[in-house]
Amino acid sequence: MTGKWTQEEKDQLVMYLTLAMKGQKTYSKEELTDKLAWYKMKLEGRYTMAQIIYAMDIFTDSNNQVPVPSDIINILNPVKPKITQTEYITAKENWAREGYKSHCYYLGVMREFEAQEGEQRNEAQPITDEKVLSLVNNSIKRIN
């Protein structure tokens with residue numbers, strides 16, 4: 001379940017963050033309150049408390065700072081590696097070498113690269129006022 005956090009889950013997060021912040025010697029009541037609000041805004045409704053604490057544990061195994069929400073998101077939803085242009089060219093050459101088969105691994109790589117490039121072009125669109133307003137409204141809803 002990824003809905004609103006229960007009081008017990010909030011207490012778990014407070015305990016984990018307090019321990020992590022004390023371990024980093026960055027603890028202050030104000031900073032903890034701010035960090036909790038940030039976590040709530042970015043993570044509540046997206047992940048369970050167990051997932052968040054798991055990601056925090058993974059992060060602090062190899063980092064000497066308290067994770068920010070984007071660190072947690074990257075652990076729980078890692079970014080798929082992009083296919084490079086070199087890999088695309090190699091796949092194209094291998095596809096030709098195999099006789100342009102319609103059900104070929106290399107054709108799949110080429111199609112995935114082309115889709116990836118199309119997504120990048122779409123993501124490069126200018127930000128409109130509607131997009132900004134949508135982001136702001138979603139953030140305000142998560143805080144409340």
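The values are calculated or read from the model by the stated rules, or taken from the named source; none is laboratory data. Since the model is a prediction, treat every value here as computed from it, not as a measurement. Cβ atoms come from the backbone with ideal geometry, glycine included; neighbour counts cover every protein chain shown.
Below, the figures for the structure above:
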{"item": "Count - residues of region 24-49 that are surrounded by 15 or more Cβ atoms within 10 Å (Cβ to Cβ) and at pLDDT below 75", "result": "1"}
{"item": "Residue list for region 1-11, filter: crowded, with 16+ Cβ neighbours inside 10 Å and more than 22 Å from the chain's Cα centre (by Cα)", "result": "none"}
{"item": "Answer residue from region 53-93, given it is among the β-branched types (Val, Ile, Thr) and within 12 Å of the chain's Cα centre (by Cα) and is nearest to Leu32 (Cα to Cα) among those", "result": "Val68"}
{"item": "Verdict on Lys131 being surrounded by 11 or more Cβ atoms within 10 Å (Cβ to Cβ) and either outside any helix (DSSP H, G or I) or modelled with pLDDT of 90 or more (or both)", "result": "no"}
{"item": "Residue list for region 88-115, filter: assigned to a helix (DSSP H, G or I), surrounded by 15 or more Cβ atoms within 10 Å (Cβ to Cβ) and of a type outside the set (Val, Ile, Thr)", "result": "Tyr88, Ala91, Lys92, Asn94, Trp95, Tyr106, Leu107, Met110, Glu112, Phe113"}
{"item": "Single residue of Thr48, Thr90 found to be of a type in the set (S, T, N, Q) and assigned by TED's automatic domain parsing to the domain that holds Leu107", "result": "Thr90"}
{"item": "Lone unmet requirement of (1) under 28 Å from Glu31 (Cα atoms); (2) at pLDDT 90 or above; (3) not assigned by TED's automatic domain parsing to the domain that holds Asp11 for Lys141", "result": "(2)"}
{"item": "Some residue of region 48-60 being in contact with a Ser or Thr (Cβ under 6 Å, 6 or more places away or on another chain), farther than 30 Å from Met110 by Cα and not charged (D, E, K, R)", "result": "yes"}
{"item": "Residue match in region 68-80 (condition: at pLDDT 90 or above, surrounded by 12 or more Cβ atoms within 10 Å (Cβ to Cβ), of a type in the set (Val, Ile, Thr) and over 30 Å from Tyr16 (Cβ atoms))", "result": "no"}
